[in-house]
Amino acid sequence: MLLVVSDTNVLIDIEIGGLVGSLFSLGYEIVVADVPFEEELRATHADLLTMGLGVRSLSPDSVARVAELSNRYRKASRNDLFGLTLAEQEKCLLLTGDADLRAVAVAERVEVHGTLWVLEEMVRQGLITTAVAHAAYEARQAAGRRLPWDDAHRRVDEVACDP
């Protein structure tokens with residue numbers, strides 16, 4: 001099973017789009033770092049734990065790495081860097097919708113994907129239809145979430161056309 005570290009904004013986007021069940025049906029083990037979970041998710045999104053979300057801690061060396069990265073990359077938040085460092089520690093991919101974190105992941109050679117990729121995976125695996133994906137994007141847009149909307153809709157349609 002593929003291990004995937006997610007930042008909190010991807011999880012919130014998926015929840016707003018009504019696709020949490022599909023996310024945890026992808027066949028991936030999806031985890032978040034413990035500090036961002038406690039600070040950003042526990043109060044309002046703790047139900048994700050019962051749906052399949054895992055929470056992992058960083059090793060002491062990885063915590064030191066967060067401090068190092070915080071000094072080097074000032075635009076990425078500390079909690080985002082916890083996620084990146086957990087992905088490094090576990091040698092797995094990172095999910096993020098944050099442009100600054102994505103830039104750090106690329107610079108640090110951590111495989112990174114975003115919300116669009118997650119929905120495309122759901123369509124590829126037949127967990128949702130393109131209509132459901134489009135509706136999820138519309139719900140997120142109505143909730144004030146940010147994505148490249150035209151690109152998101154186009155990419156879902158392209159995935160559905162792939163053989």
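Quick notes on this one:
- Test: residue in the stretch 79-95 that is open to solvent by 70 Å² or more (accessible area, probe 1.4 Å) and assigned to a helix (DSSP H, G or I): no
- Members of the stretch 142-153 that are surrounded by 15 or more Cβ atoms within 10 Å (Cβ to Cβ) and either over 30 Å from Arg74 (Cβ atoms) or in contact with a Leu (Cβ under 9 Å, 6 or more places away or on another chain) (or both): Leu147, Ala152, His153
- Taken together, Val55, Val123, Val156, Val63 contain a single residue that is farther than 26 Å from Arg42 by Cβ, open to solvent by 10 Å² or more (accessible area, probe 1.4 Å) and not in a loop (DSSP other than H, G, I, E, B), which is Val123.
- Search result, residues across the stretch 26-52 that are among the charged types (D, E, K, R), surrounded by fewer than 16 Cβ atoms within 10 Å (Cβ to Cβ), touching a strand residue (DSSP E or B) at 6+ places or on another chain (Cβ under 9 Å) and in contact (Cβ under 8 Å) with a residue 24 or more places away in the chain: Asp34
- Among the residues of the stretch 140-162, those identified as within 19 Å of Thr96 (Cα to Cα) and hydrophobic (A, V, I, L, M, F, W, C) are Ala143, Leu147, Trp149, Ala152, Val156.
- Of the residues in the stretch 104-111, at least one is outside any loop (DSSP other than H, G, I, E, B), surrounded by 15 or more Cβ atoms within 10 Å (Cβ to Cβ) and touching a helix residue (DSSP H, G or I) at 6+ places or on another chain (Cβ under 7 Å).
- Boolean, Glu90 is over 15 Å from the mean Cα position of the chain (by Cα) and touching a residue at least 60 places away in the same chain (Cβ under 8 Å): yes
- Residues being within 25 Å of Ala131 (Cα to Cα) and surrounded by fewer than 17 Cβ atoms within 10 Å (Cβ to Cβ) - total across the stretch 1-23: 2
The values are calculated or read from the model by the stated rules, or taken from the named source; none is laboratory data. Since we're looking at a predicted model, the values are computed, not measured. Because the Cβ atoms are built from the backbone with ideal geometry, glycine has one as well, and the counts that use them run over all protein chains shown. Surface accessibility is based on the protein's heavy atoms, side chains included, excluding ligands, DNA and RNA. Shrake-Rupley method; radii C 1.70, N 1.55, O 1.52, S 1.80 Å.
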